[in-house]
Amino acid sequence: MERKQGFFSALKDEVIRGLSPVRSRRRPKLLTDGSLTGETLAPLYEGPDQDGSELGESKRAGSGIGLWMKGQLSRAPSVGAKYRSDLRLLLGVMGAPLAPVHVSSVDPFPHLCIKDTPIETSSAQYILQQYTAASGGQKLQNSIKNAYAMGKVKMVASELETASRVVKHKHVVGAADTGGFVLWQMNPDMWYVELAVGGSKVQAGCNGNLVWRHTPWLGSRTAKGPVRPLRRALQGLDPRTTASMFTDAKCVGEKKINGEDCFILKLTADPQTLKARSEGPAEIIRHVLFGYFSQKTGLIVHMEDSHLTRIQATGTDAVYWETTINSSMDDYRSVEGVMIAHSGHSVVTLFRFGEMAMSHTKTRMEEAWTIEEVAFNVPGLSIDCFIPPADLKSAPFSETSDFPGGERGKSGLVVAGHRAKVAALG
């Protein structure tokens, strides 16, 4: 994709003037040893809470990209409680999900080894080597120190299924919430994403040591467990991180995706990572990621990940949440020699079961996205752009803070409140 001269002029000016990701966050104080001080972030639960707090407004303003994002945020949100609930669910689950395991952009890529290596493992290594070559080559990817992407999205909660009925949203395209996102990345292991949809905004980031997320209705929270990449970056935007993510995967077969023959790589999160990501009454039982690599082009064209969480509050029956995200990546184009997917579509299914046999619910959500701009090695981008927010919660996050007053003892609301955990813990 050709870059626009005007865009880069504006982008360079914005970075120089400080309108990079750090602009919307006050910088915390630094100790003499260089470490951060200030408030401690509370645990992150990605998803909607159960109160009726209003949505906040953007703190960022600027020219070029900043003005475009500000335009997305200027849309007045609906005053309907149903709309706010749907929007929070969409943003909480689809806004900034994380990859299953920790990988580092500075880790060396393993060499293909056949001797004393199971065929499933050596086959996966060979497929990843082909993917790296098809994406632009390891030498070119190693030369990238930072990256930027801007895109547009459409989100909709398309279907709700219960034990007694199925409710489908009619005219899904017209009912979709539209918006956009910006994504910044920098070695090693730093990233920041800002997504604005339907008059609200989700921000998330990683400074290399911790992952955090901010929403207008929950404030700033940290993610449990090891530092992990943003899943959105794996959707055809970051070939190096994608290849690193599947380094320990196994080739489990072949499948035709949209008429294209693909190899299937399977990655399973290890027990130690699952335990570190579990919190309180929410226990992550498994998290599996499948990557589908085209046999024709070598590129990743489909990705599916599924995680299962068990929630059992004191004095209640266990409830299970299974979250499945299927993403298809299309329209690959070369950007400075790197193959980038410029469009895609995700379908998310939240399946809740347990308690009683006839109490299950299934929610289906969809997102379509297009990539408008991509840039590598942006001048002026620094580590300061990835400092966590200064307006952090000083008190530990309460397990009951998501529940309405007077109803915290009801097990149904306890489970509903933990919906916020399910997306992030997975």
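The values are calculated or read from the model by the stated rules, or taken from the named source; none is laboratory data. Since the structure is predicted, the reported quantities are computational estimates derived from the model, not experimental observations. Cβ placement follows ideal geometry from the backbone for every residue including glycine, while neighbour counts extend to all protein chains displayed. Heavy atoms of the whole protein, side chains included, go into the accessibility calculation; ligands, DNA and RNA do not. Shrake-Rupley method; radii C 1.70, N 1.55, O 1.52, S 1.80 Å.
Just a few scattered comments:
- Verdict on residue 96 being under 26 Å from residue 272 (Cβ atoms) and within 23 Å of the chain's Cα centre (by Cα): yes
- Checking each residue in the range 174-185 for being open to solvent by 40 Å² or more (accessible area, probe 1.4 Å) and either modelled with pLDDT of 95 or more or under 27 Å from residue 352 (Cβ atoms) (or both) picks out only 175.
- Of the residues making up the range 291-312, those that are under 26 Å from residue 331 (Cβ atoms) and not in a loop (DSSP other than H, G, I, E, B) are 291, 292, 293, 294, 300, 301, 302, 303, 304, 305, 306.
- Candidates 246, 293 - the one that is out of contact with any Phe, Trp or Tyr (no Cβ under 7 Å at 6 or more places or on another chain) and not charged (D, E, K, R): 246
- Summed over the range 118-165, residues that are open to solvent by 20 Å² or more (accessible area, probe 1.4 Å), polar (S, T, N, Q) and touching a helix residue (DSSP H, G or I) at 6+ places or on another chain (Cβ under 8 Å) total 2.
- Reported count of residues in the range 311-367, each being modelled with pLDDT under 90 and of a type in the set (Val, Ile, Thr), is 3.
- Residues of the range 204-262 that turn out to be at pLDDT 95 or above and on the phi > 0 side of the Ramachandran plot, as a count: 2
- Every condition in (1) surrounded by fewer than 20 Cβ atoms within 10 Å (Cβ to Cβ); (2) in contact with a Leu (Cβ under 8 Å, 6 or more places away or on another chain); (3) at pLDDT below 90 holds for residue 107 except the one numbered (2).
- Comparison of 250, 296 shows that the only residue that is open to solvent by 40 Å² or more (accessible area, probe 1.4 Å) and without any contact (Cβ under 8 Å) to a residue 40 or more places away in the chain is 296.
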